[in-house]
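Structure first, then comments.
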Amino acid sequence: MQPLRIAVLGMVDGNGHPYSWSAMFNNYDQVVMADCPYPAIPAYLAKEPKEKLQIPGASVTHIWTDDPKDAEHVAKASLIPHIVSRPEDVIGHVDAVMITTDKGYEHVERCRPFVEAGLPIFVDKPLVDNEPDLRQFQRWVRDGARIMSSSCMRYCKEFMPYRTSIHSLGQLRYTSITTCKSWERYGIHALESIYPILGPGFLSAQNVGTKERNIVLFKHRTHGDVAVIAIEDLYGSHGLLQLCGTSASATVSSQDTFYSFKTQLEAFIGYLHTGERPFPFSETEELMRMVIAGIRSREEGGRIVPLEEIAAD
């Protein structure tokens with residue numbers, strides 16, 4: 001079977017995914033990658049044994065970035081053979097595309113040419129940050145578009161035991177999770193960390209913080225109160241999970257960024273090969289309602305926003 005051909009499209013400030021994700025398919029040039037503007041990327045790539053670095057069954061063959069100079073450097077670092085001058089130039093030359101940008105309000109227009117061309121798409125988190133764009137993606141998926149989006153934190157291996165079972169904790173009464181950076185771009189990392197543990201059933205959101213210090217309180221139908229914290233400079237405490245139950249508690253932090261990214265991308269490749277989603281799109285829809293509700297509550301002075309207010313298409 002020929003490897004799937006993947007295009008990596010887009011690069012925005014603060015997001016080095018074109019470097020790291022492409023390297024996980026193609027391998028990389030250590031000398032060029034050393035000059036990656038995101039030092040954490042060559043650091044965690046270098047820790048991986050060469051035989052475990054690459055994802056089989058696909059390669060990144062094409063790249064486009066918003067600044068052409070970025071594409072030149074990423075292509076050299078991550079061994080990508082083709083640079084295109086427009087994103088849509090990859091149509092007819094690849095089997096799928098990855099939109100490697102994390103500004104939700106841009107994703108509808110970034111995805112539109114590839115939805116219309118019938119190409120499968122992986123969209124970096126968050127899929128959207130507003131209600132009209134959520135409705136557009138719902139329509140596309142309902143009409144058969146193959147679109148997948150997730151945070152790598154869904155695949156955090158340190159959290160996996162609690163995805164399997166939280167029975168030993170008794171009944172959960174309080175859960176908290178942290179992330180650095182903004183709610184709009186990184187809140188989804190925190191949300192998708194806890195969603196596979198708690199499951200669907202989030203009822204409302206109340207953001208009692210500020211744009212730089214988001215303290216978002218959620219109510220869950222089964223698992224009580226949930227605090228999701230996104231503070232701009234909280235780099236030393238990104239991915240700190242606390243589960244508090246009637247019988248016991250657990251505190252754990254995410255550690256292995258490479259594992260989370262690679263497992264996320266493997267899930268997309270599995271979807272391309274089998275046509276079976278690794279998780280239902282309804283989960284992405286609920287997570288996007290949570291992102292949007294957190295923004296709306298903050299902008300409206302901390303109003304409690306019912307998730308059902310974020311209407312489906």
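The values are calculated or read from the model by the stated rules, or taken from the named source; none is laboratory data. Since we're looking at a predicted model, the values are computed, not measured. Here Cβ is always computed from backbone atoms with ideal geometry, including for glycine, and neighbour counts include all displayed protein chains. In case anyone asks, the SASA skips ligands and DNA or RNA and just uses the protein heavy atoms, side chains included. Shrake-Rupley method; radii C 1.70, N 1.55, O 1.52, S 1.80 Å.
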Is segment 148-158 home to any residue that is of a type outside the set (Gly, Ala, Ser), open to solvent by less than 10 Å² (accessible area, probe 1.4 Å) and assigned to a loop (DSSP other than H, G, I, E, B)? yes
I'd like the full set of residues that are open to solvent by 30 Å² or more (accessible area, probe 1.4 Å) and over 21 Å from the mean Cα position of the chain (by Cα), limited to segment 6-42. Asn27, Asp29, Gln30, Val31, Val32, Ala34, Asp35
Give all pairs with beta carbons closer than 8 Å in which a residue from segment 281-295 that is more than 14 Å from Glu308 (Cβ to Cβ) and β-branched (Val, Ile, Thr) meets a residue that is open to solvent by less than 40 Å² (accessible area, probe 1.4 Å) and assigned to a helix (DSSP H, G or I); count only pairs at least 6 apart in sequence or on separate chains. Val291/Gly104; Val291/Trp183; Val291/Glu184; Val291/Gly187; Val291/Ile188; Val291/Leu191; Ile295/Trp183; Ile295/Glu184
Starting from residues that are under 22 Å from the mean Cα position of the chain (by Cα) and small (Gly, Ala, Ser), keep the ones in segment 45-60 and report whichever is least open to solvent (accessible area, probe 1.4 Å). Ala58
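Just to be sure, is Asp29 touching a helix residue (DSSP H, G or I) at 6+ places or on another chain (Cβ under 9 Å), of a type in the set (Asp, Glu) and more than 17 Å from Gln264 (Cα to Cα)? Let's see the steps before the verdict.
Numbers: touching a helix residue (DSSP H, G or I) at 6+ places or on another chain (Cβ under 9 Å): yes; of a type in the set (Asp, Glu): yes; more than 17 Å from Gln264 (Cα to Cα): yes.
Criteria met by Asp29.
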Return yes when Arg173 is open to solvent by 10 Å² or more (accessible area, probe 1.4 Å), in contact with a Gly (Cβ under 8 Å, 6 or more places away or on another chain), touching a residue at least 40 places away in the same chain (Cβ under 8 Å) and at negative phi and no when it is not. yes
Check on Ala248, at pLDDT below 95 and among the hydrophobic types (A, V, I, L, M, F, W, C): no
For Thr178, the lone unmet condition from (1) open to solvent by 50 Å² or more (accessible area, probe 1.4 Å); (2) farther than 29 Å from Gly275 by Cβ; (3) not in a helix (DSSP H, G or I) is (1)
Would you point out which residue out of Ala58, Ala77 is hydrophobic (A, V, I, L, M, F, W, C) and in contact with a strand residue (DSSP E or B) (Cβ under 9 Å, 6 or more places away or on another chain)? Ala58
Please go through segment 134-147 and give me each residue that is without any contact (Cβ under 8 Å) to a residue 40 or more places away in the chain and part of a loop (DSSP other than H, G, I, E, B), ordered by number. Asp143, Gly144, Ala145
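Is at least one residue of segment 201-220 among the acidic types (Asp, Glu) and under 20 Å from the mean Cα position of the chain (by Cα)? Spell out the reasoning first.
Initially, segment 201-220 is screened for residues among the acidic types (Asp, Glu), giving 212.
Okay, now just the ones that are also under 20 Å from the mean Cα position of the chain (by Cα), so none.
No, segment 201-220 contains no residue that is among the acidic types (Asp, Glu) and under 20 Å from the mean Cα position of the chain (by Cα).
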Quick count over segment 257-299, residues being open to solvent by less than 40 Å² (accessible area, probe 1.4 Å) and of a type in the set (S, T, N, Q), is 5
Count - residues of segment 199-256 that are of a type in the set (Phe, Trp, Tyr) and either in a strand (DSSP E or B) or open to solvent by less than 20 Å² (accessible area, probe 1.4 Å) (or both): 2
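Name the residue, out of Glu72, Glu106, Glu88, that is at pLDDT 95 or above, open to solvent by 80 Å² or more (accessible area, probe 1.4 Å) and either within 24 Å of Val128 (Cβ to Cβ) or not hydroxyl-bearing (Ser, Thr, Tyr) (or both).
Values: Glu106 fails: open to solvent by 80 Å² or more (accessible area, probe 1.4 Å); Glu88 fails: open to solvent by 80 Å² or more (accessible area, probe 1.4 Å).
Matching residue, one of Glu72, Glu106, Glu88: Glu72.
If you go through segment 158-176, how many residues are closer than 22 Å to Leu217 by Cβ and in contact with an Asp or Glu (Cβ under 8 Å, 6 or more places away or on another chain)? It would help to see each step written out before you state the result.
Residues of segment 158-176 that are closer than 22 Å to Leu217 by Cβ, as a first pass: 159, 162, 166, 169-176.
Subsequent filtering for residues that are in contact with an Asp or Glu (Cβ under 8 Å, 6 or more places away or on another chain) retains 173-175.
The qualifying residues number 3.
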